[in-house]
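These notes are about the structure you will find just below.
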Amino acid sequence: MGLYAHRRAVLGLVALAILAGCAEREIILPGKREPISAALSGEVSEAAALADAARDITLPPQVANADATQSFGTPAFRTDHPQLNQTLTPIWAVNIGDGDSRKHRIVADPVVAGGRVFTLDAETTVSAVSTSGQLLWQRDILPDRAEDGDGTGGGLAVDGDVLYVSSGLGTLTALDTSSGGTLWTQELEAIGVGRPTVFENLVYVMAGDDTGWAIEKDDGRIAWQVTSSETRTNVLGGPAPIVTDGLTVFSFGSGEMQAVFRQGGLRRWDASVLGERQGRALSKVDDVTGRPIAKDGVIYAGNQSGRTVAVNAGSGTPIWTTGEGAIDTVLPVGDSVFLISDRNELLRLDAADGSRVWGTRLPNFVRDRPQRQSEVFAHHGPVLAGGRLLVASSDEVLRSFDPTTGGLAGVTDIPGGASTAPVVAGQTLYVVSRKGQLLAYR
């Protein structure tokens, strides 16, 4: 190397050293490192969980209700705090038909009235079981034009001595509660029908995720109907319409909520449960999966895409929105709202603004290895009974939690795993298993 070239090399090294000395040092922030994948997969960081703070809650008094006749989104059908032992023991189990399979699912919560428990299996078999555990009757509501296995899903509601059954084949059927005899059947021109609500002289039900129907309860004649935007991605089993002062509120597969006057179906207001959690394919399905519930002039509802909302029941005006989805029941209690989130956390939110009070993780992935993280456990609830929040899960466990802290208070086995939310009546808890059994605990 010549002298000139040598000098250039030395000067280059000196320049690099000067630049390195002038460069800013890397700032390393304190705290635990969390992978980006955790946010995208819906995992909740340990730091976030520890940041939650418990606060006191005043529960409504326990009531020894005898019946649970309909979905409790409507205040008239709801017992806010049923009486129940804190330690539960299984007392009987009865087969009620087909259980869950690859193509069929049990989605109808049991209903209880007049000493009978009514169920709908994964297809079209309706059963009546006495509260002491005897099978009283079974009826297949499969339409004449259909074949076994054609449909799945549906819901139940009891009014007086009539059981109203919606089916995934697009029918609404009225059965005599004593004998199971068919009183009438109405076809709703849709595949997939949600849970019915019976109020005064009408049965309200959603069909095809985009049409709300009002049916005369005595003879099955159509009174009126309302429609919403069409959607191609839907979740099996729509939520029951809820009835407030003079209004019926339908929740559609598009994420819309529509309130109409009960007499005539004239639209009063529209609201929506829209928004998605980034990085999750599940968030592309807009269905209102967090069952709407009305309490003290407010309607709470959520979706599985990462949103829960509170709106004014009279006007539909938004009160708050939170970035947590709701998979099953949205349960307001006192100054709080409880729900199972789209990330499989049991959450307590502030009812005034939707802010998080605490969250308790529930089992999430069935197989927790990164390459196998596809199937997740299903959790149903929560319901408040016996001073505890109850969650029935597909991992064969019924869990009870302290409403104040979110701490686990007890576990009870559910053979086969839960396919429905728990229902409490007569100081007894009923749940339908994935194997097609009605289980009773006391």
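Odds and ends about this structure:
- Here the translational diffusion coefficient of region 288-425 follows from Stokes-Einstein with Rh set to the Kirkwood radius across Cα pairs; for 25 °C and 0.890 mPa s it amounts to 162 µm²/s.
- 1.4 Å probe accessible area per residue over region 65-207, in Å²: 40 Å²
- Taking packing as the residue-averaged number of other Cβ atoms within 10 angstrom, the listed peptides 255-261, 130-136, 197-203, 186-192 run from highest to lowest as 255-261, 197-203, 186-192, 130-136.
- Computed over protein heavy atoms with a 1.4 Å probe, the carbon and sulfur contribution to the accessible area of region 101-145 reaches 43%.
- Rolling a 1.4 angstrom probe over region 166-234 with all protein chains present gives an accessible area of which 41% lies on carbon and sulfur atoms.
- D80 contributes about 70 Å² of solvent-accessible surface, heavy atoms of the protein only, 1.4 Å probe.
- Using a probe of 1.4 angstrom and keeping all protein chains present, the accessible surface of region 390-442 works out to 28 square angstrom per residue.
- Cα pair count fraction exceeding 22 Å, expressed as % - region 47-118: 50 percent
- Heavy-atom accessible surface of E396, to the nearest 10 Å², is about 90 Å², with a 1.4 Å probe and all protein chains retained.
- 3J(HN,Hα) along region 199-207, derived from phi through the Karplus expression 6.51 cos²θ - 1.76 cosθ + 1.60 where θ = phi - 60°, amounts to 9, 6, 9, 10, 10, 9, 7, 10, 10 Hz, with x in place of Gly and Pro.
- Carbon + sulfur, % of accessible area of region 345-442 - ligands and nucleic acids excluded, 1.4 Å: 45 percent
The values are calculated or read from the model by the stated rules, or taken from the named source; none is laboratory data. What you see is a predicted model, and the numbers here were worked out from it, not measured in a lab. FYI the Cβ positions are ideal-geometry reconstructions off the backbone, even for glycines, and counts take in every protein chain you see. Surface areas here come from the heavy atoms of the whole protein model, side chains and all, with no ligands, DNA or RNA. Shrake-Rupley method; radii C 1.70, N 1.55, O 1.52, S 1.80 Å.
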